[in-house]
Every structure is written in C-alpha cells, then in structure tokens.
Amino acid sequence: MAVIHGKSADHNYNSVALDGSLRSIDVNIDVDTPDTSCAGDSAKEAIAGMYGWGMEAEYRWNPAASENDAIIFAQILAAAAATCDVTPGGGTPTATNPKYTGSAFVKSYRVSVPCDGVIEARASYQGTSTLTRAVA
Amino acid sequence: MTIKHGKGSRVFIAEFDFSGEGRSFEISAETDMAESTVFTSTAKEFVAGQTKNAVSHAGIWTNVDDNWDEWLKTNIFPALTKAISLLPGTPAVGDICYNGEIKEIRAGRPIRVDDICAINAEYIIDGPLGRANLLEYEIAAAVGAQTGIGQNIGVASATQMWLICIHVVEYNGGAGTYRIAIQESSDNGATDPYSTPAGASKDFSNTGGSFVFTVNGAREAWARVVTTQEAGTPTCKFLVTLAKVNLQ
C-alpha cells in the first residue's frame with residue numbers, strides 16, 4: 001500500500017492553481033441513505049439515494065492578483081459554479097494517484113485575522129452535479 | 001507567496017480606529033445554496049442564492065471614555081448604518097482590504113475570573129462586503145489639500161458600482177470645510193485627465209465623521225483621492241477604501 005503525504009497536493013479553482021497557499025483540503029462525499037426499516041427487521045436497513053459532495057479548503061490568505069482571495073471573492077460576486085479539483089498526491093493523475101474534479105460554488109468564505117498569528121482564509125465549496133475521480 | 005501576519009491590522013468603524021482594542025477579526029461571506037436536484041441528476045445539484053456578509057470582531061474590554069465598548073453600546077439600538085473598513089496585515093496604500101456598511105450589531109462582553117474582560121462583537125453587513133483597495137491612508141499625520149497616487153483597480157462595468165468608505169478620524173484647523181473626492185481616469189491621467197464622477201465627493205465641516213456610499217455605473221480603471229480645503233484651512237487624518245461590487 002502506498003501512503004501519500006499531502007505536501008505535494010495540487011488544487012485548482014476556476015482554472016487557477018491555489019495549491020501554493022493551500023494548507024489543507026477535505027473532499028467530502030455523502031450519499032443519502034433513507035431508512036427502510038420495517039417491523040420484523042433484525043436491524044436497521046437503508047437504501048442508497050443520490051450523492052452530494054463538497055470541499056473544505058484552508059489557505060494562507062494571499063491578496064495578490066490570481067491568488068486565493070481574488071479568485072474566490074470574484075466567484076462569490078459571480079454567484080456561479082466553477083471547476084474545482086484536487087489531486088492529493090499532485091502531478092498527473094494515474095490509477096494510484098487519482099484526481100477529484102467537479103463543478104462547485106463558493107458556499108462560504110472566511111478570512112481570519114489574529115493579532116498573534118498568520119492571516120488565514122477558508123473556503124467551503126458546494127459541489128453541484130457529478131464529481132469525477134480521474135485516474136489518467 | 002505573500003504570507004501576512006495579522007499584527008498591525010486595523011479596524012475602522014465610522015470615524016473611529018478601534019485597532020488598539022481589537023485582537024482578531026474575521027470576515028465571512030455565506031451564499032445560500034438552494035438544492036435543484038431532479039430525478040435525472042447524476043448527483044446533487046444546487047443554484048446560488050443571496051450572500052450574507054458579516055464580520056466577527058473580538059478584543060479587549062476597557063474602561064476608557066469614548067472607547068469601542070461605549071461606541072457599541074451607543075450604536076447597538078439605533079441600527080444606524082456605519083462605514084466599516086478592515087485592513088488585514090500592516091496596511092499601505094494600494095493594499096487589499098474589505099469594506100461595507102454595518103446594519104446590525106451584536107456584542108457580548110464575557111467576564112471571567114481567570115482572564116481579561118473581553119468584547120465579542122458581530123456586525124451584520126447591509127448589502128455587499130467589498131473586496132476593496134486602500135485608496136488613501138493618511139492617519140499618521142493630518143494633511144490639507146493634496147492629490148493622491150492613482151491606483152489601478154480595474155474598470156467597473158455598467159452592472160457594477162463603486163462602494164466607498166471614508167473615515168475621517170481627526171479634524172484639525174477649526175471652522176472650515178474639507179472635501180474628499182474620488183477621481184477616475186482610464187490611463188492614470190496620461191491622456192485621459194482625472195475627473196470626479198457625480199456623487200463621488202464628500203465634505204466634512206468642522207468635525208470628523210464617516211461616509212459609506214456608492215457610485216453606480218461603468219467606471220474607469222484608475223482611481224485616486226484628491227482633497228481640497230473648500231473653506232478655511234482644515235487638515236484631517238483619514239482613509240478611503242474603494243471596492244467594486246455588483247449593483248443591488
């Protein structure tokens with residue numbers, strides 16, 4: 001089994017590389033599982049519905065042009081979805097280095113400014129429609 | 001990559017600089033996501049709705065007269081709109097910052113036997129939160145008539161507007177009128193002379209103060225601040241933040 005460190009992750013939003021300031025990113029995929037249990041069942045039962053997905057990213061806040069603050073803020077103003085992707089291992093996707101890609105809105109954006117630390121930015125991406133897992 | 005420490009950050013609300021009492025702030029923009037998934041969808045689908053903007057501002061409760069605590073107490077009920085400009089990192093002219101108009105204030109004052117007395121305030125922004133440019137930053141010393149340095153903030157389309165916050169934190173020189181105007185040019189005045197769009201100037205007479213206002217419509221890429229002594233010889237300490245936002 002190959003263990004992949006996150007230090008080389010690639011991450012883009014709206015076709016702009018944001019991994020230069022990326023600190024962490026979570027890819028969350030959840031499937032609706034409505035309860036189908038009935039009397040007489042020995043344990044709870046469920047049936048799979050449709051899945052939804054999103055990503056939660058943390059960045060070092062970067063106010064420069066074509067960096068996280070400008071790109072994310074512009075997309076909030078546009079109220080439009082854009083391509084969001086992450087390759088945990090970085091580089092070209094392969095069977096052992098998958099890349100997750102989908103169209104996502106910026107659901108929320110936060111900039112935290114402490115007097116005793118680095119300025120951070122956090123974005124919550126709401127995926128809409130399919131999330132692909134590319135292996136080539 | 002530009003990594004900025006939070007030290008030196010500034011928070012200006014109305015005509016006040018509350019940076020000396022603040023320890024942190026956080027801006028947040030949250031957009032409603034309405035689910036639009038249908039039977040034939042391959043995965044859940046959404047459309048974007050409206051964005052709620054807010055600022056969390058935490059700091060130290062002090063017993064000083066005319067301080068942040070007193071301002072919060074005085075302004076929490078009237079719900080008067082107030083200009084706010086938030087400057088991350090040690091600010092300089094041309095830096096990226098945020099501005100807006102406070103509509104609603106919530107403030108708590110946690111008091112613990114094992115910690116300093118604190119203030120936790122939340123400001124609900126009325127309308128857009130602007131990703132702004134610090135157009136002028138004259139708070140080290142009061143200045144009179146002067147022409148600021150042009151900043152390329154990019155053109156504003158016909159469906160956008162300038163969102164401008166002016167904070168005059170100190171007014172000197174007695175009776176008079178001090179005018180702060182925002183001018184535009186397509187090429188930093190090279191062939192297109194700077195001019196002041198209608199509604200893009202504010203006068204301050206005999207006292208400090210603040211304005212948050214918008215200038216609608218297509219705007220040129222370059223902007224600068226020009227100050228004039230319209231009456232008397234007043235001088236001011238002030239700053240101006242300008243953002244491009246979508247028309248409401």
Within chain B, which is the longest segment that contains none of the trypsin sites (Lys or Arg not before Pro) sitting in a DSSP loop with at most 16 other Cβ atoms within 10 Å? B:113-248
I'd like the distance between the alpha-carbon centres of segment B:161-178 and segment B:32-84, rounded to an integer number of Å. 26
First select every other residue whose beta carbon is under 10 angstrom from the beta carbon of B:T228; then total the charges, Lys and Arg +1, Asp and Glu -1. -1
Sparse-neighbourhood loop sites, chymotrypsin sites (Phe, Trp or Tyr not before Pro) in segment B:1-75 - DSSP loop, at most 11 other Cβ within 10 angstrom: B:F39
If I model a spin label as a point 7 Å beyond the Cα along the Cα-Cβ vector, how far apart are those points for B:N206 and B:K52 in nm? 4.3
Just tell me which lysines come within less than 16 Å, Cα to Cα, of B:K73; anything on the same chain fewer than 8 places away is out. B:K82, B:K103
With a Förster distance of 41 angstrom and the Cβ-Cβ distance between A:D116 and A:A2, calculated FRET efficiency to the nearest 0.05 equals 0.60
Taking Cα atoms, how many degrees apart are the long axis of helix A:68-78 and the longest axis of chain A, rounded to 10 and kept between 0 and 90? 60
With r defined as the distance between the Cβ atoms of B:E230 and B:D187 and R0 fixed at 35 Å, what FRET efficiency is calculated, to the nearest 0.05? 0.80
Could you give the dipole magnitude of chain B about its Cα centre, charging the beta-carbon of Lys and Arg +1 and that of Asp and Glu -1, in debye to the nearest 20? 200
Which whole-number percent gives the relative contact order of chain B, counting Cα pairs below 8 Å spaced six or more residues apart? 22
May I ask you to give the percent of accessible area on chain B that is carbon plus sulfur, with a probe radius of 1.4 Å? 50
Env charge @ A:D35, Cβ radius under 12 Å, K,R +1 / D,E -1, value -2
In segment A:1-86, the trypsin sites (Lys or Arg not before Pro) that fall in loop regions by DSSP, at most 16 other Cβ within 10 Å: A:K44
At what distance in nm do the modelled label points of B:T177 and B:V155 sit from each other, each positioned 7 Å from its Cα along Cα→Cβ? 3.5
Under a Cβ-only charge scheme (Lys and Arg +1, Asp and Glu -1), can you give me the dipole magnitude of segment B:43-155 about the Cα centre, in debye to the nearest 20? 400
Work out, step by step, the length gained on full extension between B:I3 and B:A140: first 0.36 nm times the residue separation, then minus their alpha carbon distance; give nm to one decimal. 46.8 nm
Nothing charged except the Cβ atoms of Lys and Arg (+1) and of Asp and Glu (-1): what's the magnitude of the dipole of chain A about its Cα centre? Round to the nearest 20 debye. 280
Estimated inter-spin distance, B:V113 and B:D66, nm [label 7 Å along Cα→Cβ]: 3.8
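In whole percent, what relative contact order does segment A:46-136 give with Cα contacts below 8 Å and a gap of six or more residues?
Relative contact order here is 35 percent.
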Taking a probe of 1.4 Å, how large is the accessible area per residue of segment B:101-248, in Å²? 43
Could you work out the local net charge near B:T177, counting Lys and Arg as +1, Asp and Glu as -1, over the other residues with Cβ closer than 10 Å to its Cβ? -1
Projecting each Cα onto the charge dipole of segment B:72-173 (Lys/Arg +1, Asp/Glu -1 at the beta carbon, about the Cα centre), which of B:L135, B:Y171, B:I76 comes out farthest on the positive side? B:I76
For B:K202, give me every one of the aspartates and glutamates with a C-alpha distance below 12 angstrom, ignoring sequence neighbours fewer than eight places off in its own chain. B:E230
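The values are calculated or read from the model by the stated rules, or taken from the named source; none is laboratory data. The structure displayed is predicted, hence computed values, not measured ones. Every residue, glycine as well, gets a Cβ built from its backbone with ideal geometry; the counts of neighbours run over all protein chains shown. These accessible areas exclude ligands, DNA and RNA; they are computed on the full protein's heavy atoms, side chains included. Shrake-Rupley method; radii C 1.70, N 1.55, O 1.52, S 1.80 Å.
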